[in-house]
Each structure stands twice: as C-alpha cells, then as structure tokens.
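**Q** Here it is: the structure, laid out below.
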Amino acid sequence: MADLPISLEDVQAARERIKEHIFYSPAAHSALLSEKFGCEVYLKLDNMQSTGSFKERGAANKLSLLTEEEKSKGVIAASAGNHAQAVALHGARLGISTKIVMPEGTPLVKVNRTRSFGAEVVLFGPNFDAAYAHAKELQAEEGRVFVHPFDDPAVMAGQGTVALEILEQIPDVDLIVSAIGGGGLISGILAAVRGIKPEVKVVGVEPEVLPSMATSLKHGQVIQVPEGQTLADGIAVRKVGELTFRQTSALVDDIVSVSEEEFASAILLLLEQEKTLAEGAGAAPLAALMAGKLDAKGKTVCLCVCGGNIDVNLIARIIDRGLVATGRLCRLIVRITDSPGALAQILTVVGHMKANVLEIFHNRTFTSGEQFGTTHVELKLETRGADHIVRIQEALEKSGATIIEHL
C-alpha cells in the first residue's frame, strides 16, 4: 500500500493531532436491529460530534498542519454543509479566518450553524460542483488556502480516525459499512482497517441517483455522473476525488446503492426505534442493511452513522415518505355512488378496519369521463402495514366502492 495516498501511519498521526479536540463517539450495540436483521449491529454515532458530523476529524487534522503563514492568509472551502461547519469550528478554534461557499439549496440548519461558528458564508450555484468552482475562483482572487472536503491526504487521514475507534470498541467486527460521497471517509477507514485488521470487510453505500464511486470503479477512472436529487444531500457528489478513487479502488470490498425510499425508511427506523437522528448519509449504511444488500447474516456489523444534520422541514417529508414506504401511510382514491349515506358508509368501513383518517377530499365535480351519479373520494389513511392496506381495499370493494388509485 506504499503507493496509495494515505497509510495507517498517516491515520495514527492524525489521531495524535486531533484527539484532544474530537469526541470519541460511542459504538452503540442495537439489540433491536440485531434481532431484526440476524446479525450483531453496532452504530458508530459520529452524528454526536460537536458539529453533528464526522467531517470534524478531517478538518481538524488539515487545519492543524497549516503553517503560520498559511493560517494568516485564511482558508476557504466548498461544502454541502458538514465540511463547512467543521472548517468553521476548528478554524475559529485556531484563530483562522474562514470563508465557505455552499450550494444555494443547502439546508438552512447547516447554513446557520456554519455562520454561528464565525465563518463567512457565500451561497452559490445549484449543487456542490458549482459551489466548488466558485470557491476556487475566490481562492485565486483572495489567496486563501483551499481546504478540500475529501480529496486531500490530510482530510482523508483525519476521517480515518473513526476506524481506529471502531476497531478498539468492537474488536470482533466483521463488516464496517460507510456512506460514500466524495470518498474521503471510506478512504480513511480503508487505510486504517487494512493496516490493522485486513480481514475486516469494508463496504460503501451510495445513492442510486448518484453512484459516482461505483461508476468510476466500473470504468477504471474517475467519471462524473449526471446530476441527481437525493435525500442524502451530504453525499450528493457527482465526481469523486482522484486520491479517494485510488485509495478506494485498491482496497474496498464492495459498493452498493440505495434508493430514496430506502433512505427515508432508514432515517425513520433510526429515529423511531433507536432514538437517533441521522441525515441521509448517516442512514445510508442502515438503508443498505434493510434492503438486503449486505452480506451480514451472523456477522458483527458496524454501521457508521456519519452525520445528523438534517433540516426540520425535510424531516417531516422524510417521515411521511418513510411511512408510505413501510405501509403506515397511504392514499386511496375510491369511486362511490353520489347518494346520501355513501360517504358515511365507506368511512364506517375504514373505521371498522381500524385505520385512522388523516385527510378526506370528496370530489363531486372534477371527475371527467366518469358515469353520472358517481363521485370520487380521496382518503389519506394512517395504517399498520402493507397487509393492512390490502385488507382495507378488499373491505371497501366488498362494500360496493371501487378503488381507482392507491399511493
């Protein structure tokens, strides 16, 4: 591994530099998840860092290596949010002026927290790539030191310190699962794991809509994938780093992808069952486990909950999406006769089936193409799973209603 960007020694050195400033986050055993998935599940809760993300590790290491001259010039970074907060916090600790360029759609919680740490925030462009390009322009104009969010050996080594903790906390770990955005976290994890316990499997997880690392591995070179929208904004990266690609392609065991529904379901499960708030990237490893995309049966598995910075408005939408995916929220459009008592009849059926009506819309006018004397009723129901929804539909049809649409 001598020709790779970072080694175990780099990660160990990073740990010595940052250990006084980084929280030694717990690796909590989950009895519920272990029973549910047939393996011993541990959650490495790096969402408990001061800024709510693992990104502090890499930022703290990078900034600690700057010369006094570089510190005096200040630093600039581009980030979807977590790297921004990390650079801002540790820049303030070291007395370094920080400027952060963030995409215009960055969750408000991340923007506000970055500013609260003392950084100057510039909102620019629709995505990370545009923000990154603008940050490089500003760097050339102002002479600041650019702190890359992932493609920097010092950042990669800092992120890898999480793996040193995992190997100490879970000595018998068989599988470590990490989200992949630009590749900094998994590169650091791989350097540490391959140097200490190479038999441990390391698997990365990407959004289906932005499989940047998997696509690059498939082609044998860094490839920029098309734009895509994902709940996991922290790993919404179209192009991985050249250094992280080299490290990951040489050492990773597998990379899997998960859908938006799987992200939502994992966020909901962590919130409801584990009382843990995770952003999309932080829930990615659990999403892969829930979707059956990991070889985990009978093994000791560590899921890296790498971040918990999620916008409150987005949480509400994710919860609803997760409830739909797990059959606990559904929308039915039914056709009934337009006669007295017909609406009351279907509501009685729903009540007998122990479903809770959240919303109802009785459409007697806008039913183009329908037979005269019928009407549509749209129901938003709180249900108890997919089987419960099927039984409700059967009961409604038995009562004389016709199911037009089920979402």
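All of the numbers you see were taken from the coordinates with simple rules; none came from a lab. These figures come from a predicted structure and were not determined experimentally. Here the Cβ is made from the backbone with ideal geometry for all residues, glycine too, and neighbour counts use every protein chain on show.
**Q** Sort M213, M102 so the one with the fewest other Cβ atoms within 10 Å of its own Cβ comes first.
**A** Ordered by Cβ neighbours within 10 Å, fewest first: M102, M213.
**Q** Let me ask you something else. What spacing in nm lies between the two simple spin-label points modelled at D320 and K197, each 7 Å away from Cα in the Cβ direction?
**A** It works out to 4.3 nm between the two label points.
**Q** Gaussian network model of the chain, Cα springs within a sub-10 Å range: biggest mean-square fluctuation belongs to which of A283, A13, A77?
**A** A13
**Q** Let me ask you something else. Could you give me the percent of Cα pairs per 10 Å distance bin for the range 107-187, shortest bin first, beginning at zero and ending with the bin that holds the maximum distance?
**A** 14, 33, 35, 14, 4, 0
**Q** Apply 1/(1 + (r/R0)^6) to the Cβ-Cβ distance of E359 and N313, taking R0 = 22 Å, and write down the FRET efficiency to the nearest 0.05.
**A** For E359 and N313, the calculated efficiency is 0.70.
**Q** Is there a quick way to get the dipole size of the range 327-406? I mean about its Cα centre, with the Cβ of Lys and Arg at +1 and of Asp and Glu at -1; what is the value in debye to the nearest 20?
**A** 220
**Q** If you don't mind, another one. Compute the acute angle (0 to 90°) between the alpha-carbon long axis of helix 55-64 and the principal axis of greatest extent of the alpha-carbon atoms of the chain; round to the nearest 10°.
**A** 20
**Q** Provide the descending list of Cα extents for the range 327-406 along its principal axes, expressed in whole angstroms.
**A** Reported extents, whole Å, longest axis first: 35, 20, 18.
**Q** Which of K19/K136; K36/K218; K44/K297; K275/K299; K55/K293 have a Cα-Cα distance over 28 Å?
**A** Beyond 28 Å between Cα atoms: K19/K136; K36/K218.
**Q** Restricting things to alpha carbons, find the Rg to Rh ratio for the range 281-388 using the Kirkwood radius for Rh.
**A** My calculation puts Rg/Rh at 1.17.
**Q** Report the rotationally averaged projected area of the range 297-348 based on its alpha-carbon convex hull, in square nanometres.
**A** That works out to 7.6 nm², a quarter of the Cα hull's surface.
**Q** When the dipole is taken about the Cα centre of the chain, and only Lys, Arg (+1) and Asp, Glu (-1) are charged at their Cβ, what size is it in debye, to the nearest 20?
**A** 500
**Q** How would the range 1-49 be classified by its alpha-carbon gyration tensor: rounded, prolate or oblate, with rounded meaning a/c under 1.5 and the a/b versus b/c comparison settling the rest?
**A** Verdict is oblate for the range 1-49.
**Q** Using a Gaussian network model of the chain with C-alpha springs under 10 Å, which one of A344, A191, A140 is most mobile by mean-square fluctuation?
**A** A344
**Q** Sorted by packing (mean other beta-carbon atoms within 10 Å per residue), highest first, where do 387-397, 122-132 land?
**A** For the peptides 387-397, 122-132, the packing ranking is 122-132, 387-397.
**Q** Rg to Rh ratio, the range 57-149, alpha-carbon atoms and Kirkwood radius?
**A** We get a ratio of 0.93 for the range 57-149.
**Q** Would you list D254, D10 from fewest to most Cβ contacts within 10 Å?
**A** Lowest to highest Cβ neighbour count: D254, D10.
**Q** Return the Rg/Rh ratio of the chain with Cα-based radii and a Kirkwood Rh.
**A** Using only Cα positions, Rg/Rh for the chain is 1.07.
**Q** With the cut-off at 14 Å, report for the range 30-74 the share of all Cα pairs above it, as a whole percent.
**A** When all Cα pairs of the range 30-74 are counted, 66 percent exceed 14 Å.
**Q** A further question follows. Which of the peptides 156-166, 262-272, 299-309 is most tightly packed, and how do the rest follow, going by the mean number of other Cβ atoms within 10 Å of each residue?
**A** Listed from highest to lowest mean packing, they are 156-166, 299-309, 262-272.
**Q** Given Cβ point charges of +1 (Lys, Arg) and -1 (Asp, Glu) and nothing else, what value in debye, to the nearest 20, does the dipole of the range 237-346 about its Cα centre take?
**A** I would put it at about 100 debye.
**Q** Order the peptides 315-327, 28-40 from the highest to the lowest mean number of other Cβ atoms within 10 Å of their residues.
**A** Highest-to-lowest ranking by the protection proxy: 315-327, 28-40.
**Q** So for the chain: antiparallel DSSP bridges make up what percent, rounded to the nearest 5?
**A** Given both bridge residues lie in the chain, the antiparallel proportion sits at roughly 45 percent.
**Q** For every helix of n ≥ 4 consecutive DSSP H residues, a contribution of -39,500 (n - 2.57) applies; sum these over the chain, divide by its total residues, and give [θ] at 222 nm rounded to the nearest 500 deg cm²/dmol.
**A** -13000 deg cm²/dmol
**Q** Over the chain, calculate the relative contact order: mean separation of alpha carbon pairs under 8 Å at least 6 apart, over the residue count, as a percent.
**A** In percent, rounded to a whole number, it is 16.
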